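These notes are about the structure you will find just below.
The values are calculated or read from the model by the stated rules, or taken from the named source; none is laboratory data. Here the structure is a predicted model, which means the values were calculated and not measured. No Cβ is skipped: glycine too gets one built from the backbone with ideal geometry, and neighbour counts run over all protein chains shown. Side chains included, ligands, DNA and RNA excluded: accessible areas come from the protein's heavy atoms. Shrake-Rupley method; radii C 1.70, N 1.55, O 1.52, S 1.80 Å.
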Amino acid sequence: MKRLKKTSKGSWTGKEKWDCQGEDSKQKEKDHIREHQKTEHSTHSERKRRDSFGMFDGYDSCSEDTSSSSSSDESEEEVAPLPSSLPIIKNNGQVYTYPDGKSGMATCEMCGMVGVRDAFYSKTKRFCSVSCSRSYSSNSKKASILARLQGKPPTKKAKVLQKQPLVAKLAAYAQYQATLQSQAKTKSAVSLEGFSWGNYINSNSFIAAPVTCFKHAPMGTCWGDISENVRVEVPNTDCSLPTKVFWIAGIVKLAGYNALLRYEGFESDSSLDFWCNICGSDIHPVGWCAASGKPLVPPRTIQHKYTNWKAFLVKRLTGAKTLPPDFSQKVSESMQYPFKPSMRVEVVDKTHLCRTRVAIVESVIGGRLRLVYEESEDKSDDFWCHMYSPLIHHIGWSRSIGHRFKRSDITKKQDGHFDTPPHLFAKVKEVDQSGEWYKEGMKLEAIDPLNLSAICVATIRKVLADGFLMIGIDGSEAADGSDWFCYHATSPSIFPVGFCEINMIELTPPRGYTKLPFKWFDYLRETGSIAAPVKLFNKDVPNHGFRVGMKLEAVDLMEPRLVCVATVTRIIHRLLRIHFDGWEEEYDQWVDCESPDLYPVGWCQLTGYQLQPPAPQTSRESQSGSSKQKKKAKSQQYKGHKKMTPLQLKEELLDGEEYSFLQGASDQESNGSASYYIKQEP
């Protein structure tokens, strides 16, 4: 975070001065204003440059010095501010203002710009700006200008004034009108389906998980201390000028990438507060306007509050925090992804979890990959996951560890497809399998990948190389083992026997098991099994920063193409219970705190991914009536809401004579590493 420092001359360190005149205006003045006018305006520009903030008072400065010696009546007219409702179109650097098209078009007699007549300066509406009005007063240029407007070749000196052809400008205006009509047709649909994180958070006083909780997300590792009261330069929407101008705003509230901003000078007045994505292209550190030659204009609502805005800003900004000067560069760099379309990977087969298949990267959005299985001719057989997902691997991974693999009918790589370099995939922690290690038949608890709301009784069915294990859910396994799934030994989705009991999580017993409530000691004795040693499980708990009630955007892992509005409802050390807003609890999912399928508020907007808003009440009622009956049967496909209602078990402590308990944790606590498992007595 950068603090602002004022130099002895009153300017901000390292910032260039601005001129309130645009580059086009200054060029016109240099080429077309009489010598005595150039001298006068040069003095005026120097006075502006001495303004350490490059302040442009917008409303008064537009008409300042307009009474300079000129033979044109139009140049002496005071400039009336434009209506604030005028939308702005920027085309090839030239700004055009078009309201509703009712007032007719006009062409500037100086530069040839086409625009709405009411948006032009002076009473006769002959010029698009003060500069053009002044420049036109030079009689020596009239002939060449009129000749150009009549379609004659311009003189050598007049070439600098060439603008876009009239046809191109009229085409731009027509395109704009077509866009307005299109928006008018879809407006009602947007209002019904539209969702705003800002309104959602404000109306319910929600808190969002900070960006630093998501190391895999853009800026997750370099967010810094961006917080409330940080100042930024943003577009000034409370302004009636025809050009895009900026003003300084402070962060009132942060919600992921989104920030509630308030223009400087509004004090406790929240009437014009607005939400925006802090990583957006229009958000800049204080000083950016000065360095870029952009005008700072105070909002029209508060323009009357101070006569010396420069002194006001000097007082308010000295010592204040702003964004780092390279913030936008860091945002851009953090959104560069190494995975590219046409790369080949091995990914879990969504119809048979026990094996992998070859798939092709079809598209990459925000680090999320749309993978199309290689045998899919119409590219409809796809699978979505993050590039750091444990479900994807480099070509040859399955053979190297002994995992089942479905060979493709395609014997030759298609043109343009190439294998993804192995170093691009997420690395797993190295383990030592030479000593005491997992064995086939050992019991444990595991998140069911086909019912992520449940932690179930499970069994190790096969031990693979490099620390990978094939696991099956007791009581619901297919005879051929087609529903076994692969977890690494360090996976946060597998737990030792007794984990659910000590942390007061409902454990789903084997299907058809009748001795309820379920007790591990009895079950191990009945099945003649042993529990996997506690010391082999991953007990690392990072300081993740999540808290119960925090909002975020989360992938529905049962339909992984969807990213939804979600809430953290429980925290068990590094394990998070994710609830999808507007849906029943049976759709909740257990997810690790470092899962690449969790994102900060505003991630979808930043990356261009579609966000699924909370389900409306009517949808929930109709869904609950049909989906519960329809989706209770267990599916072997990683697709579709398959939520099985867990058996309601009475929570009961295990027999103290057989087990001793180590310290547990509540939903609210434990970001540090603590021992939270049950240890079996010898």
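Key figures
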| read-out | value |
| --- | --- |
| Region 526-543 - phi-based ³J(HN,Hα) in whole Hz, Karplus 6.51/-1.76/1.60, Gly and Pro as x | 5, 8, x, 10, 10, 7, 5, x, 4, 5, 7, 7, 6, 10, 6, 10, x, 7 |
| Distance (nanometres) between label positions extended 7 Å along Cα→Cβ at K340 and S380 | 3.1 nm |
| Among 380-387, 497-504, the order from most to least packed when residues are scored by Cβ within 10 Å on average | 497-504, 380-387 |
| H352 - accessible surface, heavy atoms, 1.4 Å probe, Å² rounded to 10 | 60 Å² |
| Förster radius 25 Å - calculated FRET efficiency between Y513 and A479 (Cβ-Cβ, nearest 0.05) | 0.85 |
| Computed label-point distance, nm, for sites K539 and S227 using a 7 Å Cα→Cβ extension | 3.4 nm |
| Theoretical gain in end-to-end length, K439 to V252 [0.36 nm per residue, Cα-Cα removed] | 61.8 nm |
| Per residue accessible area in Å² of region 229-331, where ligands, DNA and RNA are left out and the probe is 1.4 Å | 38 Å² |
| Area of R355 that stays accessible when all protein chains are in place (1.4 Å probe, Å², to 10) | 50 Å² |
| Most to least accessible of D480, D415 (protein chains only, probe 1.4 Å) | D415, D480 |
| Listed residues T569, T459, T318 arranged by accessible area, highest first, probe 1.4 Å | T318, T569, T459 |
| Length-normalised contact order of region 224-362 in % [C-alpha pairs under 8 Å, at least 6 apart] | 22 percent |
| Zone residues, region 447-479, relative to E506, backbone N less than 14 Å from point 7 Å out along Cα-to-Cβ | 452-456 |
| L260 accessible area, assembled protein chains, probe 1.4 Å, Å² | 20 Å² |
| Probe 1.4 Å, protein heavy atoms only - accessible area per residue of region 379-495 in square angstrom | 46 Å² |
| Sites T490 and D273, calculated FRET efficiency, Cβ-Cβ separation with R0 41 Å, nearest 0.05 | 0.35 |
| Förster radius 30 Å - calculated FRET efficiency between E585 and L524 (Cβ-Cβ, nearest 0.05) | 0.50 |
